[in-house]
Amino acid sequence: MNWKRLFAVSLLLLCSTTQAVEPRELKISVGDWPPYLSAELKHNGVVAHLISDLFADEGYRVTFQFLPWPRAYASAADGKFAASAIWMHKSERESDFHYSAPILDEQFVFFHLKSFPFDWNSLYDLTGMTLGGGLEYSYGPKFDAFLGTGKVQMERVSNDMQNFEKLLKERVVLYPQEINVGYAALRNNFSAADIAKITHHPKPLLNNLSYVLFPKQFADSEELLERFNRRLQHYRDSGRYARYFRDLQMGKYEIAAGAAANTP
């Protein structure tokens, strides 16, 4: 009798332990932004890999849903997702979301044709030009304010491929984009001959930080944010964070050419 009771108690404890460690699912809305986020890259891209591992170490299993960037934001703001990634800081977004600690350091540059003799020192050097741009995309407060002056025209479309096509056809003269994202889009969508026609200006338009957003309407968002930030800092301190981006530079996230390249 005693061994039967002992077996029953042991089985109950085993079941309880199994249930206790079952990871909770977190659904996160994202946009397609190779090489950082893409359903056509290993681990859904380096930033998705980083986010997944951070949450896995906190006991969560992440599921990413790729959506057009405006829908990714709106759906998360409406409470359909536990978080959304990744976004620049804009003060108006603070009404809907808590911002994480910075998860990505970015450098934005102006892409242009090599045949276009372009140089700039201030934004006013762009006066009269037509630029390509992404839908619902912020280029930082300073440049966003400059766009509002009407001194330049920005034609916004839904993805990088369209913007680079317009650049090649000289329908726009400049395309501001994050440097790694821009060259990933070129590699994945254009011929070597077309890529050879395009360059970027070395002066950065913007050195930017991007964040994971947690909806304020959820009571547990602040706790989730604190756990995420604590784990992210541990990754940075241990050197693990840097390894993800070394792997990116070594091509370890590539599966095959042809991945779509949309912008947030």
Go through [x] 1, 6, 12, 15, 16, 14, 11, 8, 5, 3, 2, 2, 1, 1, 1, 1, 0, 0; [y] 1, 5, 10, 11, 9, 8, 8, 7, 7, 6, 5, 5, 4, 4, 3, 3, 2, 1, 1, 0, 0; [z] 1, 6, 13, 17, 19, 18, 14, 8, 3, 1, 0 and flag the label whose value is the computed P(r) over Cα pairs in 5 Å bins from 0, in percent for this structure. [x]
MRE, 222 nm, helices only [DSSP H, n ≥ 4, -39500 (n - 2.57), over the chain, to nearest 500]: -11500 deg cm²/dmol
Averaging 1/r across every pair of distinct alpha carbons in the range 163-264 and inverting yields a Kirkwood hydrodynamic radius, in angstrom, of 17.0
Of Ser191, Ser122, Gly148, which is farthest along the charge dipole of the range 107-207 in the positive direction, counting Lys and Arg as +1 and Asp and Glu as -1 at C-beta? Ser191
With an 8 Å Cα cut-off and a minimum separation of 6 or more residues, compute the relative contact order for the chain in percent. 31
Using alpha-carbon coordinates, inclination of helix 179-189 to the longest axis of the chain, degrees: 90
Given +1 on the Cβ of Lys and Arg, -1 on the Cβ of Asp and Glu, and no further charges, what dipole in debye does the chain carry about its Cα centre, rounded to the nearest 20? 460
With +1 assigned to the C-beta of every Lys and Arg and -1 to the C-beta of every Asp and Glu, and no other charges, what is the dipole magnitude of the range 107-207 about the Cα centre in debye, to the nearest 20? 140
Pick from Lys252, Lys90, Lys42 the residue whose mean-square fluctuation is largest in a GNM of the chain, springs joining Cα atoms under 10 Å. Lys90
Working from Cα positions, state the angle (0 to 90°, nearest 10) between the long axis of helix 240-249 and the longest principal axis of the chain. 50
Using a Gaussian network model on the chain with a 10 Å cutoff between Cα atoms, which of Ala39, Ala82, Ala193 fluctuates the most? Ala193
Residue-ordered couplings for the range 119-125, obtained by feeding phi - 60° into the Karplus form 6.51 cos²θ - 1.76 cosθ + 1.60 and rounding to whole Hz (Gly and Pro as x), are 8, 7, 10, 10, 4, 5, 5
Could you state the orientation-averaged shadow area of the convex hull built on the Cα atoms of the range 102-160, in nm² to one decimal? 5.1
So the angle from the long Cα axis of helix 46-56 to the longest Cα principal axis of the chain, reported in degrees to the nearest 10, equals 20
Per DSSP, the loop-located trypsin sites (Lys or Arg not before Pro) within the range 155-188 having at most 15 other beta carbons within 10 Å are Lys169, Arg171
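Roughly speaking, what % of Cα-Cα pairs in the range 107-207 are separated by over 22 Å, rounded to a whole number?
Numbers: 1039 of 5050 pairs.
When every Cα pair of the range 107-207 is considered, 21 percent fall beyond 22 Å.
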Under a straight-distance cross-link criterion of Cα-Cα below 21 Å, which lysines are reachable from Lys151, leaving out those fewer than 8 residues away in the same chain? Lys142, Lys166, Lys203
Pairs of alpha-carbon atoms within less than 8 angstrom and 6+ residues apart define the contacts here; what relative contact order does the range 107-207 have, in percent? 49
Whole angstrom only: what separates the Cα centroid of the range 21-56 from the Cα centroid of the range 65-141? 19
Quick one: which residues, 5+ away or cross-chain, put their amide H under 5 Å from the amide H of Ile198? H built at 1.01 Å from N. Lys114
Can you give me the long-range amide H partners of Leu26? Hydrogens built in the peptide plane at 1.01 Å from N, cutoff under 5 Å, separation of 5 or more residues or another chain. Arg61, Val62, Thr63
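No value in this document is a laboratory result; all are computed from the given coordinates. What you see is a predicted model; the values in this text were computed from it and never measured. All Cβ positions, even for glycine, are placed from backbone atoms using ideal geometry, and neighbour counts span all protein chains on display.
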